Amino acid sequence: MERISRIQKKHLDCGRFLSGPCLCSRRLCLKVTARWTIVAFILTTALNGCASHRYSARDVAPTQIKVAQQEIPESDLLDVGIVVFQSEELTEDDIEDKGTNNEIRQSEAHFIPCHLRNTLQRSALWGSVRVLPEESASQDVLVTGEILASNGQELVLKIKATDARGRLWYEETYRQEALGSSYKDNTPWEQDAYQDLYNTIANDLAAHRQKLAAGSVERIRAVAQLQFAREFSPEAFDAYLIENEEQEITLNRLPADDDPQMARLMAIRERDHMYIDTLNQYYDGFYAGMWPAYENWRKLDLTERLAREEIEKSAMLRKAGGALLVAMAILLEATQGGSGSSMLRGVMAVSGGQVFMSGINLSKQAEIHSAAIAELSESFGADMEPINLELKGQTYELTGSAQEQYRQWRDLLREIYLQETAFGADPDSTPDTSVAD
(Lines give C-alpha, C1' and ligand atoms only; values in the text may rest on other atoms or scores of the structure.)
Protein backbone atom coordinates (compact mmCIF):
# COMPACT_ATOMS: atom_id res chain seq x y z
CA MET A 1 0.00 0.00 0.00
CA GLU A 2 2.90 2.31 0.81
CA ARG A 3 4.41 1.67 -2.64
CA ILE A 4 1.09 2.43 -4.35
CA SER A 5 0.75 5.65 -2.39
CA ARG A 6 4.21 6.74 -3.49
CA ILE A 7 3.34 5.98 -7.11
CA GLN A 8 0.09 7.89 -6.77
CA LYS A 9 2.01 10.84 -5.36
CA LYS A 10 4.52 10.56 -8.17
CA HIS A 11 1.61 10.45 -10.64
CA LEU A 12 0.12 13.64 -9.23
CA ASP A 13 3.44 15.44 -8.96
CA CYS A 14 4.68 14.65 -12.44
CA GLY A 15 2.41 17.30 -13.94
CA ARG A 16 1.44 15.09 -16.86
CA PHE A 17 -1.89 13.81 -15.59
CA LEU A 18 -3.84 15.51 -18.34
CA SER A 19 -1.23 16.84 -20.71
CA GLY A 20 1.10 13.97 -21.56
CA PRO A 21 2.64 10.59 -20.80
CA CYS A 22 2.87 9.87 -17.10
CA LEU A 23 6.01 8.56 -15.38
CA CYS A 24 4.00 6.37 -13.03
CA SER A 25 2.71 2.86 -13.46
CA ARG A 26 0.51 2.58 -16.58
CA ARG A 27 -2.01 0.43 -14.71
CA LEU A 28 -2.52 3.06 -12.06
CA CYS A 29 -2.61 5.83 -14.66
CA LEU A 30 -5.43 4.10 -16.51
CA LYS A 31 -7.26 3.60 -13.22
CA VAL A 32 -7.07 7.27 -12.28
CA THR A 33 -7.95 8.35 -15.83
CA ALA A 34 -11.04 6.15 -15.67
CA ARG A 35 -11.99 7.80 -12.38
CA TRP A 36 -11.59 11.23 -13.98
CA THR A 37 -13.86 10.09 -16.81
CA ILE A 38 -16.54 9.14 -14.29
CA VAL A 39 -16.15 12.51 -12.54
CA ALA A 40 -16.47 14.38 -15.83
CA PHE A 41 -19.60 12.39 -16.70
CA ILE A 42 -21.22 13.15 -13.34
CA LEU A 43 -20.50 16.87 -13.56
CA THR A 44 -21.65 17.05 -17.20
CA THR A 45 -24.90 15.24 -16.38
CA ALA A 46 -25.57 17.53 -13.45
CA LEU A 47 -24.97 20.70 -15.42
CA ASN A 48 -26.78 19.71 -18.60
CA GLY A 49 -30.10 20.65 -17.01
CA CYS A 50 -29.27 24.33 -17.34
CA ALA A 51 -29.08 24.15 -21.13
CA SER A 52 -32.14 25.50 -22.92
CA HIS A 53 -33.23 25.55 -26.53
CA ARG A 54 -32.92 28.95 -28.22
CA TYR A 55 -34.44 29.85 -31.53
CA SER A 56 -32.25 31.50 -34.12
CA ALA A 57 -34.25 34.70 -34.19
CA ARG A 58 -33.92 38.45 -34.14
CA ASP A 59 -34.58 39.80 -30.67
CA VAL A 60 -36.70 42.91 -31.06
CA ALA A 61 -35.97 46.08 -29.11
CA PRO A 62 -38.56 48.57 -27.79
CA THR A 63 -40.04 49.92 -31.01
CA GLN A 64 -42.54 52.60 -31.92
CA ILE A 65 -44.62 52.07 -35.03
CA LYS A 66 -43.89 54.37 -37.97
CA VAL A 67 -46.99 56.30 -38.96
CA ALA A 68 -47.68 58.19 -42.21
CA GLN A 69 -47.02 61.89 -41.69
CA GLN A 70 -49.52 62.89 -44.36
CA GLU A 71 -52.34 61.30 -46.29
CA ILE A 72 -51.11 58.99 -49.04
CA PRO A 73 -52.98 59.01 -52.38
CA GLU A 74 -55.04 55.89 -52.91
CA SER A 75 -53.16 55.12 -56.13
CA ASP A 76 -49.96 54.73 -54.09
CA LEU A 77 -51.43 52.36 -51.52
CA LEU A 78 -51.00 48.60 -51.62
CA ASP A 79 -53.54 46.23 -50.10
CA VAL A 80 -52.18 43.61 -47.69
CA GLY A 81 -53.47 40.11 -47.05
CA ILE A 82 -52.35 38.35 -43.87
CA VAL A 83 -52.94 34.61 -44.03
CA VAL A 84 -54.06 32.75 -40.90
CA PHE A 85 -50.79 31.63 -39.33
CA GLN A 86 -49.39 28.12 -39.36
CA SER A 87 -47.97 26.05 -36.50
CA GLU A 88 -46.57 22.56 -36.37
CA GLU A 89 -48.78 19.96 -34.73
CA LEU A 90 -47.62 19.65 -31.14
CA THR A 91 -46.75 16.20 -29.85
CA GLU A 92 -47.45 15.11 -26.29
CA ASP A 93 -43.83 15.86 -25.40
CA ASP A 94 -44.12 19.32 -26.97
CA ILE A 95 -47.29 20.02 -25.01
CA GLU A 96 -45.61 19.05 -21.75
CA ASP A 97 -42.39 20.92 -22.54
CA LYS A 98 -43.93 24.12 -23.94
CA GLY A 99 -46.88 24.33 -21.58
CA THR A 100 -49.39 24.86 -24.37
CA ASN A 101 -51.55 22.70 -26.61
CA ASN A 102 -52.92 22.49 -30.14
CA GLU A 103 -56.19 24.23 -29.21
CA ILE A 104 -54.29 27.30 -27.98
CA ARG A 105 -52.12 27.33 -31.09
CA GLN A 106 -55.18 27.13 -33.31
CA SER A 107 -56.67 30.12 -31.52
CA GLU A 108 -53.39 32.06 -31.69
CA ALA A 109 -53.18 31.34 -35.42
CA HIS A 110 -56.19 33.67 -35.80
CA PHE A 111 -55.50 36.07 -32.92
CA ILE A 112 -51.96 37.03 -33.97
CA PRO A 113 -52.82 37.91 -37.62
CA CYS A 114 -55.75 40.01 -36.36
CA HIS A 115 -53.51 42.03 -34.06
CA LEU A 116 -50.89 42.40 -36.79
CA ARG A 117 -53.60 43.66 -39.14
CA ASN A 118 -54.69 46.21 -36.53
CA THR A 119 -51.10 47.36 -36.15
CA LEU A 120 -50.63 47.82 -39.90
CA GLN A 121 -53.89 49.73 -40.14
CA ARG A 122 -52.74 52.17 -37.45
CA SER A 123 -49.68 53.04 -39.53
CA ALA A 124 -51.93 54.46 -42.32
CA LEU A 125 -49.30 53.35 -44.84
CA TRP A 126 -51.41 50.72 -46.58
CA GLY A 127 -54.71 50.30 -48.36
CA SER A 128 -57.04 47.61 -47.12
CA VAL A 129 -55.47 45.12 -44.70
CA ARG A 130 -57.36 41.85 -44.38
CA VAL A 131 -56.91 38.51 -42.63
CA LEU A 132 -57.26 35.67 -45.14
CA PRO A 133 -58.30 32.09 -44.41
CA GLU A 134 -55.76 30.82 -46.98
CA GLU A 135 -53.16 32.11 -49.43
CA SER A 136 -54.25 34.04 -52.50
CA ALA A 137 -52.04 35.06 -55.42
CA SER A 138 -54.29 38.02 -56.19
CA GLN A 139 -53.18 40.08 -53.16
CA ASP A 140 -50.97 43.14 -53.68
CA VAL A 141 -48.85 42.07 -50.71
CA LEU A 142 -49.18 38.69 -49.03
CA VAL A 143 -47.90 38.07 -45.50
CA THR A 144 -47.61 34.53 -44.16
CA GLY A 145 -46.46 33.52 -40.71
CA GLU A 146 -45.54 30.54 -38.59
CA ILE A 147 -45.75 30.38 -34.79
CA LEU A 148 -42.50 28.86 -33.53
CA ALA A 149 -43.05 29.62 -29.85
CA SER A 150 -45.86 31.36 -28.01
CA ASN A 151 -46.63 31.57 -24.31
CA GLY A 152 -46.77 34.16 -21.58
CA GLN A 153 -43.02 34.68 -21.58
CA GLU A 154 -41.94 34.40 -25.21
CA LEU A 155 -43.27 34.92 -28.71
CA VAL A 156 -41.29 33.74 -31.76
CA LEU A 157 -42.76 34.29 -35.23
CA LYS A 158 -41.39 33.50 -38.67
CA ILE A 159 -42.70 36.06 -41.17
CA LYS A 160 -42.55 36.02 -44.96
CA ALA A 161 -43.74 38.83 -47.24
CA THR A 162 -44.16 38.67 -51.02
CA ASP A 163 -45.98 40.79 -53.58
CA ALA A 164 -48.34 39.80 -56.40
CA ARG A 165 -45.38 39.46 -58.78
CA GLY A 166 -44.09 36.57 -56.66
CA ARG A 167 -41.09 38.61 -55.53
CA LEU A 168 -39.89 37.99 -52.00
CA TRP A 169 -39.73 41.16 -49.93
CA TYR A 170 -38.13 39.51 -46.95
CA GLU A 171 -38.24 36.54 -44.60
CA GLU A 172 -37.39 37.03 -40.93
CA THR A 173 -37.81 35.32 -37.57
CA TYR A 174 -38.69 37.64 -34.70
CA ARG A 175 -38.50 37.01 -30.97
CA GLN A 176 -39.65 39.01 -27.97
CA GLU A 177 -39.53 38.10 -24.31
CA ALA A 178 -42.25 39.44 -22.04
CA LEU A 179 -41.82 40.73 -18.49
CA GLY A 180 -44.40 41.27 -15.79
CA SER A 181 -44.64 44.91 -16.85
CA SER A 182 -45.51 43.81 -20.39
CA TYR A 183 -49.03 43.02 -19.21
CA LYS A 184 -49.79 46.47 -17.82
CA ASP A 185 -52.11 48.87 -19.65
CA ASN A 186 -52.75 46.54 -22.57
CA THR A 187 -55.76 47.33 -24.73
CA PRO A 188 -57.53 45.17 -27.32
CA TRP A 189 -56.81 46.26 -30.92
CA GLU A 190 -54.01 48.60 -29.82
CA GLN A 191 -51.52 47.39 -27.20
CA ASP A 192 -50.35 43.80 -26.70
CA ALA A 193 -47.73 42.29 -24.41
CA TYR A 194 -45.61 41.72 -27.53
CA GLN A 195 -46.44 45.02 -29.20
CA ASP A 196 -42.77 45.77 -29.94
CA LEU A 197 -42.66 42.65 -32.11
CA TYR A 198 -45.77 43.67 -34.04
CA ASN A 199 -44.41 47.20 -34.47
CA THR A 200 -41.11 45.84 -35.78
CA ILE A 201 -42.87 43.69 -38.38
CA ALA A 202 -44.97 46.68 -39.47
CA ASN A 203 -41.88 48.88 -39.76
CA ASP A 204 -39.99 46.25 -41.76
CA LEU A 205 -42.89 45.94 -44.20
CA ALA A 206 -43.00 49.73 -44.55
CA ALA A 207 -39.25 49.86 -45.16
CA HIS A 208 -39.52 47.35 -48.01
CA ARG A 209 -42.47 49.27 -49.46
CA GLN A 210 -40.29 52.39 -49.55
CA LYS A 211 -37.56 50.52 -51.45
CA LEU A 212 -39.86 49.88 -54.43
CA ALA A 213 -38.77 51.53 -57.64
CA ALA A 214 -40.92 54.12 -59.36
CA GLY A 215 -43.91 52.53 -61.06
CA SER A 216 -43.67 49.32 -59.04
CA VAL A 217 -46.87 49.98 -57.08
CA GLU A 218 -48.87 50.36 -60.27
CA ARG A 219 -47.40 47.17 -61.74
CA ILE A 220 -48.02 45.19 -58.54
CA ARG A 221 -51.66 46.26 -58.48
CA ALA A 222 -52.11 45.41 -62.16
CA VAL A 223 -50.55 41.96 -61.70
CA ALA A 224 -52.79 41.31 -58.68
CA GLN A 225 -55.90 42.12 -60.73
CA LEU A 226 -54.78 39.92 -63.61
CA GLN A 227 -53.93 37.09 -61.21
CA PHE A 228 -57.54 37.17 -60.05
CA ALA A 229 -58.82 37.32 -63.62
CA ARG A 230 -56.59 34.44 -64.69
CA GLU A 231 -57.82 32.30 -61.80
CA PHE A 232 -61.41 32.58 -63.07
CA SER A 233 -60.67 32.63 -66.78
CA PRO A 234 -57.19 31.25 -67.54
CA GLU A 235 -57.90 30.81 -71.24
CA ALA A 236 -58.64 34.52 -71.61
CA PHE A 237 -56.01 36.09 -69.36
CA ASP A 238 -53.08 33.71 -69.18
CA ALA A 239 -51.27 35.48 -72.03
CA TYR A 240 -51.30 38.78 -70.15
CA LEU A 241 -48.72 37.52 -67.64
CA ILE A 242 -45.29 35.93 -68.00
CA GLU A 243 -43.93 33.62 -65.30
CA ASN A 244 -40.25 32.64 -65.12
CA GLU A 245 -38.57 29.60 -63.57
CA GLU A 246 -38.42 31.33 -60.17
CA GLN A 247 -42.23 31.80 -60.37
CA GLU A 248 -41.81 35.55 -60.60
CA ILE A 249 -44.47 37.21 -62.73
CA THR A 250 -44.17 40.17 -65.06
CA LEU A 251 -46.72 41.98 -67.18
CA ASN A 252 -46.84 41.00 -70.83
CA ARG A 253 -49.63 43.39 -71.73
CA LEU A 254 -52.70 45.02 -70.19
CA PRO A 255 -56.34 44.51 -71.20
CA ALA A 256 -58.17 47.40 -72.80
CA ASP A 257 -59.75 49.90 -70.43
CA ASP A 258 -63.22 49.04 -71.77
CA ASP A 259 -62.73 45.24 -71.76
CA PRO A 260 -66.18 43.96 -70.60
CA GLN A 261 -64.82 40.60 -69.43
CA MET A 262 -62.21 42.29 -67.25
CA ALA A 263 -64.82 44.70 -65.89
CA ARG A 264 -67.09 41.77 -65.01
CA LEU A 265 -64.23 39.99 -63.18
CA MET A 266 -63.25 43.13 -61.29
CA ALA A 267 -66.87 43.42 -60.11
CA ILE A 268 -66.65 39.84 -58.87
CA ARG A 269 -63.34 40.70 -57.19
CA GLU A 270 -65.09 43.47 -55.31
CA ARG A 271 -67.67 40.97 -54.09
CA ASP A 272 -64.83 38.72 -52.99
CA HIS A 273 -63.39 41.59 -50.99
CA MET A 274 -66.79 42.21 -49.43
CA TYR A 275 -67.00 38.57 -48.36
CA ILE A 276 -63.50 38.70 -46.84
CA ASP A 277 -64.48 41.90 -45.02
CA THR A 278 -67.47 40.03 -43.60
CA LEU A 279 -65.17 37.16 -42.64
CA ASN A 280 -62.90 39.67 -40.90
CA GLN A 281 -65.85 40.82 -38.83
CA TYR A 282 -66.09 37.23 -37.67
CA TYR A 283 -62.38 37.19 -36.91
CA ASP A 284 -62.79 40.46 -35.00
CA GLY A 285 -65.54 38.95 -32.88
CA PHE A 286 -63.33 35.97 -32.14
CA TYR A 287 -60.39 38.26 -31.32
CA ALA A 288 -62.48 40.39 -28.94
CA GLY A 289 -63.97 37.34 -27.23
CA MET A 290 -60.58 35.72 -26.93
CA TRP A 291 -58.75 38.72 -25.49
CA PRO A 292 -59.76 38.54 -21.77
CA ALA A 293 -59.16 34.81 -21.38
CA TYR A 294 -55.98 34.90 -23.47
CA GLU A 295 -54.53 37.84 -21.56
CA ASN A 296 -55.24 36.16 -18.21
CA TRP A 297 -53.82 32.86 -19.42
CA ARG A 298 -50.60 34.51 -20.56
CA LYS A 299 -50.19 36.33 -17.24
CA LEU A 300 -50.65 33.12 -15.29
CA ASP A 301 -48.40 31.29 -17.71
CA LEU A 302 -45.63 33.86 -17.15
CA THR A 303 -46.01 33.55 -13.37
CA GLU A 304 -45.79 29.75 -13.58
CA ARG A 305 -42.76 29.89 -15.86
CA LEU A 306 -40.85 32.30 -13.64
CA ALA A 307 -41.59 30.13 -10.61
CA ARG A 308 -40.50 27.04 -12.48
CA GLU A 309 -37.25 28.72 -13.58
CA GLU A 310 -36.40 29.59 -9.98
CA ILE A 311 -37.03 26.00 -8.90
CA GLU A 312 -35.01 24.59 -11.80
CA LYS A 313 -32.16 26.96 -11.06
CA SER A 314 -32.12 25.86 -7.40
CA ALA A 315 -32.37 22.23 -8.44
CA MET A 316 -29.50 22.59 -10.89
CA LEU A 317 -27.26 24.16 -8.24
CA ARG A 318 -28.07 21.39 -5.77
CA LYS A 319 -27.42 18.72 -8.37
CA ALA A 320 -24.09 20.30 -9.29
CA GLY A 321 -23.09 20.58 -5.63
CA GLY A 322 -24.05 16.98 -4.94
CA ALA A 323 -22.23 15.77 -8.05
CA LEU A 324 -19.12 17.68 -6.94
CA LEU A 325 -19.15 15.98 -3.54
CA VAL A 326 -19.51 12.57 -5.16
CA ALA A 327 -16.73 13.42 -7.61
CA MET A 328 -14.41 14.48 -4.78
CA ALA A 329 -15.07 11.17 -3.01
CA ILE A 330 -14.11 9.28 -6.17
CA LEU A 331 -10.93 11.31 -6.55
CA LEU A 332 -9.99 10.70 -2.92
CA GLU A 333 -10.29 6.98 -3.48
CA ALA A 334 -8.17 7.20 -6.62
CA THR A 335 -5.42 9.44 -5.25
CA GLN A 336 -5.27 8.88 -1.49
CA GLY A 337 -6.23 5.24 -0.93
CA GLY A 338 -5.88 3.67 2.50
CA SER A 339 -8.47 3.04 5.12
CA GLY A 340 -7.80 6.32 6.93
CA SER A 341 -9.75 8.33 4.42
CA SER A 342 -12.52 5.80 3.83
CA MET A 343 -14.84 7.42 6.37
CA LEU A 344 -14.38 10.87 4.80
CA ARG A 345 -15.00 9.43 1.36
CA GLY A 346 -18.13 7.66 2.58
CA VAL A 347 -19.52 10.83 4.18
CA MET A 348 -18.84 12.88 1.05
CA ALA A 349 -20.40 10.28 -1.26
CA VAL A 350 -23.53 9.90 0.89
CA SER A 351 -23.88 13.67 1.38
CA GLY A 352 -23.39 14.27 -2.32
CA GLY A 353 -26.00 11.64 -3.18
CA GLN A 354 -28.49 13.23 -0.80
CA VAL A 355 -27.96 16.69 -2.24
CA PHE A 356 -28.26 15.32 -5.79
CA MET A 357 -31.56 13.60 -4.93
CA SER A 358 -32.93 16.76 -3.31
CA GLY A 359 -32.27 18.52 -6.62
CA ILE A 360 -34.25 15.82 -8.43
CA ASN A 361 -37.13 16.29 -5.97
CA LEU A 362 -37.16 20.02 -6.72
CA SER A 363 -37.26 19.21 -10.44
CA LYS A 364 -40.40 17.18 -9.75
CA GLN A 365 -41.92 20.31 -8.23
CA ALA A 366 -41.09 22.09 -11.48
CA GLU A 367 -42.98 19.38 -13.33
CA ILE A 368 -46.00 20.12 -11.13
CA HIS A 369 -45.85 23.74 -12.33
CA SER A 370 -45.65 22.50 -15.92
CA ALA A 371 -48.75 20.40 -15.33
CA ALA A 372 -50.54 23.49 -13.97
CA ILE A 373 -49.66 25.39 -17.14
CA ALA A 374 -50.93 22.54 -19.29
CA GLU A 375 -54.19 22.44 -17.33
CA LEU A 376 -54.69 26.17 -17.84
CA SER A 377 -53.96 25.72 -21.54
CA GLU A 378 -56.49 22.93 -21.94
CA SER A 379 -59.16 24.95 -20.15
CA PHE A 380 -58.46 27.97 -22.32
CA GLY A 381 -58.40 25.95 -25.53
CA ALA A 382 -61.76 24.41 -24.75
CA ASP A 383 -63.30 27.86 -24.26
CA MET A 384 -61.68 29.49 -27.31
CA GLU A 385 -62.49 27.16 -30.17
CA PRO A 386 -63.58 29.21 -33.21
CA ILE A 387 -67.31 29.35 -33.89
CA ASN A 388 -68.45 28.37 -37.39
CA LEU A 389 -69.57 31.33 -39.50
CA GLU A 390 -72.95 30.75 -41.10
CA LEU A 391 -73.40 32.67 -44.38
CA LYS A 392 -76.92 32.62 -45.78
CA GLY A 393 -78.39 33.76 -49.05
CA GLN A 394 -81.62 33.16 -50.83
CA THR A 395 -80.53 29.98 -52.51
CA TYR A 396 -77.33 28.84 -50.78
CA GLU A 397 -75.74 28.31 -47.42
CA LEU A 398 -72.01 28.09 -46.53
CA THR A 399 -71.07 25.81 -43.66
CA GLY A 400 -67.96 24.37 -42.03
CA SER A 401 -64.73 26.05 -41.04
CA ALA A 402 -63.74 29.47 -42.33
CA GLN A 403 -61.39 27.85 -44.84
CA GLU A 404 -64.11 25.50 -46.06
CA GLN A 405 -66.61 28.34 -46.34
CA TYR A 406 -64.12 30.45 -48.28
CA ARG A 407 -63.56 27.65 -50.78
CA GLN A 408 -67.33 27.26 -51.15
CA TRP A 409 -67.59 31.00 -51.65
CA ARG A 410 -64.98 31.00 -54.42
CA ASP A 411 -66.83 28.13 -56.12
CA LEU A 412 -69.99 30.20 -55.94
CA LEU A 413 -68.21 33.17 -57.51
CA ARG A 414 -67.09 30.96 -60.39
CA GLU A 415 -70.67 29.85 -60.94
CA ILE A 416 -71.77 33.49 -60.98
CA TYR A 417 -69.04 34.34 -63.47
CA LEU A 418 -70.02 31.44 -65.74
CA GLN A 419 -73.67 32.48 -65.59
CA GLU A 420 -72.79 36.07 -66.47
CA THR A 421 -70.55 34.93 -69.30
CA ALA A 422 -73.18 32.56 -70.67
CA PHE A 423 -75.98 35.11 -70.67
CA GLY A 424 -73.85 38.16 -71.41
CA ALA A 425 -75.20 39.96 -68.40
CA ASP A 426 -74.08 43.47 -67.55
CA PRO A 427 -71.67 43.54 -64.57
CA ASP A 428 -74.01 45.86 -62.66
CA SER A 429 -77.00 43.53 -63.03
CA THR A 430 -75.50 40.36 -61.60
CA PRO A 431 -77.38 38.34 -58.96
CA ASP A 432 -77.28 39.58 -55.37
CA THR A 433 -74.50 37.76 -53.54
CA SER A 434 -74.46 39.76 -50.34
CA VAL A 435 -73.67 37.86 -47.15
CA ALA A 436 -74.82 38.29 -43.61
CA ASP A 437 -73.36 37.34 -40.23
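Has the stretch 130-143 got at least one residue that is surrounded by fewer than 20 Cβ atoms within 10 Å (Cβ to Cβ) and assigned to a helix (DSSP H, G or I)?
No; the residues of the stretch 130-143 include none that is surrounded by fewer than 20 Cβ atoms within 10 Å (Cβ to Cβ) and assigned to a helix (DSSP H, G or I).
Any residue at all in the stretch 271-291 that is touching a Gly at 6+ places or on another chain (Cβ under 6 Å), at pLDDT below 85, of a type in the set (A, V, I, L, M, F, W, C) and at negative phi?
No.
Of Asp272, Asp284, Asp238, Asp257, which residue is surrounded by fewer than 17 Cβ atoms within 10 Å (Cβ to Cβ) and under 20 Å from Val80 (Cβ atoms)?
One residue alone meets the criteria, Asp284.
Quick one: Glu243 ticks every box in (1) touching a strand residue (DSSP E or B) at 6+ places or on another chain (Cβ under 6 Å); (2) within 30 Å of Ala57 (Cα to Cα); (3) not aliphatic (A, V, I, L, M) except a single one, so which number is it?
Only one criterion is unmet by Glu243, namely (2).
Would you be able to tell me the number of residues in the stretch 206-234 that are part of a loop (DSSP other than H, G, I, E, B) and not aliphatic (A, V, I, L, M)?
The qualifying residues number 3.
For residues that are under 27 Å from Phe228 (Cα atoms) and modelled with pLDDT under 95, tally how many sit in the stretch 136-175.
3
Among the residues of the stretch 96-134, write down those that are under 23 Å from Asp163 (Cβ atoms), under 18 Å from the mean Cα position of the chain (by Cα) and not aliphatic (A, V, I, L, M).
Pro113, Cys114, His115, Arg117, Thr119, Pro133, Glu134 - these are the residues of the stretch 96-134 that are under 23 Å from Asp163 (Cβ atoms), under 18 Å from the mean Cα position of the chain (by Cα) and not aliphatic (A, V, I, L, M).
Pick out the one residue from Asp185, Asp204, Asp196, Asp192 that is touching a Pro at 6+ places or on another chain (Cβ under 8 Å) and under 30 Å from Gly289 (Cα atoms).
Asp196
The rows are residues; the columns are (1) part of a helix (DSSP H, G or I); (2) closer than 14 Å to Ser138 by Cα; (3) free of Cβ contacts under 8 Å to residues at least 60 places away in the same chain.
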position: Ala236; (1), (2), (3): yes, no, yes
position: Glu245; (1), (2), (3): no, no, yes
position: His273; (1), (2), (3): yes, yes, no
position: Ala293; (1), (2), (3): yes, no, no
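Which of the following residues is part of a helix (DSSP H, G or I) and within 18 Å of Ala137 (Cα to Cα): Arg264, Arg269? Before you say what the answer is, go through the steps one by one.
Values: Arg264 fails: within 18 Å of Ala137 (Cα to Cα).
Within the list Arg264, Arg269, the selection yields Arg269.
Provide a single number: the residues in the stretch 147-203 that are of a type in the set (D, E, K, R) and either part of a loop (DSSP other than H, G, I, E, B) or surrounded by fewer than 17 Cβ atoms within 10 Å (Cβ to Cβ) (or both).
Going through the stretch 147-203 one residue at a time, the tally reaches 10.
The values are calculated or read from the model by the stated rules, or taken from the named source; none is laboratory data. Source: prediction; values computed, not measured. Here the Cβ is made from the backbone with ideal geometry for all residues, glycine too, and neighbour counts use every protein chain on show.
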